[in-house]
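Below is one structure, written out as structure tokens; comments come after it.
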Amino acid sequence: AKNAVAVTNLVPAIVRVASLWACNARPIFIQLELMNSADKKLAKRLLYLNISILGRIELWLTYKSLKPASTVILRSDFNLSKSRTKRILKWLYDAEIKYALDLRGKNIIHVSKDQKLSDKMSELQWSETPKHIVFRGQMYGYPQKAVDLFVNNHNEVEGNKSVKSYWSPYIRYMVRKTNPTEDGLVAKKWADEVKRNNPTLDRWFRFALFQSSPKR
């Protein structure tokens, strides 16, 4: 009998908690839906920007916070009077990504969610100082061990030759000869993100690589 009374007394509390959860959960679900909608719109617009296919990959990964910074190559010179440049800037603004012009290349921009970092990447882009090379590699999101080894011993790193998987095309950096699989895990995260949230871009990227590969 005592147990029955205890359970009965708990019912109003359970109902109140359930009601509170329902009230709070609805805005959360709506917010997530809006976020997904915003992502989809940005993903679609990104496809048609006047940027190299690799540059579009870099932009998306920066937007999704998988790369602190990226260097992006445009298909034509940066020109504020041109509509194609304005479309790029509008996309960056909507994605809350900051940019800095390259100090040499008229068709190169450096992007990040942090304006100071964009400026820093532009400043250090052409530096051959080892600490600056390491800094760039870190900001590009490359594997730390591979970045360090690249600076200290070029002969111990190489372009991807041994990792054969769906994420192989995303290994756009040097990997250690002794452990390419571990270094390739960064590219796996990148590939998974693009395949999941911007699949058309992923297909276009792979097709572009196929078209540019040597024909047998």
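The values are calculated or read from the model by the stated rules, or taken from the named source; none is laboratory data. These numbers come from a predicted model, not from an experiment. Cβ sites come from the backbone with ideal geometry, for glycine too, and all protein chains shown count toward neighbours.
Within the set of pairs 6+ apart or on separate chains, which have a first residue in segment 129-141 that is farther than 18 Å from residue 190 by Cα, a second that is assigned to a helix (DSSP H, G or I) and β-branched (Val, Ile, Thr), and C-beta atoms under 7 Å apart?
130/151; 133/151; 134/147; 134/151
Residues 77, 102: which one is surrounded by 15 or more Cβ atoms within 10 Å (Cβ to Cβ), within 21 Å of residue 49 (Cα to Cα) and not β-branched (Val, Ile, Thr)? Step through it out loud before you land on a result.
Numbers: 77 fails: surrounded by 15 or more Cβ atoms within 10 Å (Cβ to Cβ).
None of the other options fit; the residue is 102.
Which pairs turn up if I take residues in segment 151-175 that are in contact (Cβ under 8 Å) with a residue 24 or more places away in the chain and farther than 10 Å from residue 191 by Cα and look for partners that are exposed (fewer than 11 other Cβ atoms within 10 Å of the Cβ) and not aliphatic (A, V, I, L, M) with beta carbon separation below 7 Å, at least 6 apart in sequence or on another chain?
174/159
Pick from segment 140-154 the residues that are under 18 Å from the mean Cα position of the chain (by Cα) and outside any helix (DSSP H, G or I): which of them is surrounded by the most Cβ atoms within 10 Å (Cβ to Cβ)?
Across segment 140-154, the extreme among qualifying residues is 143.
So, in segment 109-135, how many residues would count as being crowded, with 19+ Cβ neighbours inside 10 Å and in contact with a Ser or Thr (Cβ under 8 Å, 6 or more places away or on another chain)?
Within segment 109-135, the first condition is being crowded, with 19+ Cβ neighbours inside 10 Å, and the residues that meet it are 109-112, 118, 120-122.
So of that shortlist, the ones also in contact with a Ser or Thr (Cβ under 8 Å, 6 or more places away or on another chain) come out as 109-112, 118, 121.
Going through segment 109-135 one residue at a time, the tally reaches 6.
Matching residues to (1) touching an Asp or Glu at 6+ places or on another chain (Cβ under 8 Å); (2) of a type in the set (A, V, I, L, M); (3) at pLDDT below 95:
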position: 47; (1), (2), (3): no, yes, no
position: 51; (1), (2), (3): no, yes, no
position: 56; (1), (2), (3): no, no, no
position: 62; (1), (2), (3): no, no, no
position: 83; (1), (2), (3): no, no, no
position: 113; (1), (2), (3): yes, no, no
position: 127; (1), (2), (3): no, no, no
position: 137; (1), (2), (3): no, no, no
position: 143; (1), (2), (3): yes, no, no
